[in-house]
């Protein structure tokens with residue numbers, strides 16, 4: 001069953017990066033507790049394509065850590 005509603009405003013899109021890539025200097029890292037390694041690897045790839053900066057991710061105890069490597 002569907003409910004038809006009219007006159008509702010469309011919510012604004014969330015903008016900005018989900019992860020703090022723009023704050024990382026060469027050699028810096030961030031930790032995501034309970035993070036999914038494959039999702040972060042995909043995010044690293046997208047950020048590399050967007051900025052040309054390279055990142056790597058490793059599964060660590062209870063989460064995932066991402067480093068800026070180039």
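Only the coordinates and a few stated rules stand behind these numbers; no lab work does. Since the structure is predicted, the reported quantities are computational estimates derived from the model, not experimental observations.
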I need to check one value: relative contact order of segment 27-68, counting alpha carbon pairs closer than 8 Å and at least 6 residues apart, in percent. 52 percent
Once normalised by the length of the chain, the mean sequence separation of its alpha carbon contacts under 8 Å that are 6 or more apart gives a contact order in percent of 33 percent
Scattering profile of the chain at q = 0.21 Å⁻¹ [log10 I(q)/I(0), Debye over alpha-carbon scatterers]: -0.85
Determine one quarter of the surface area of the Cα convex hull of segment 27-68, which equals its mean projected area, and express it in nm² to one decimal. 2.6 nm²
In degrees, nearest 10, range 0 to 90: what is the angle between the Cα axis of helix 37-51 and the longest Cα principal axis of the chain? 90 degrees
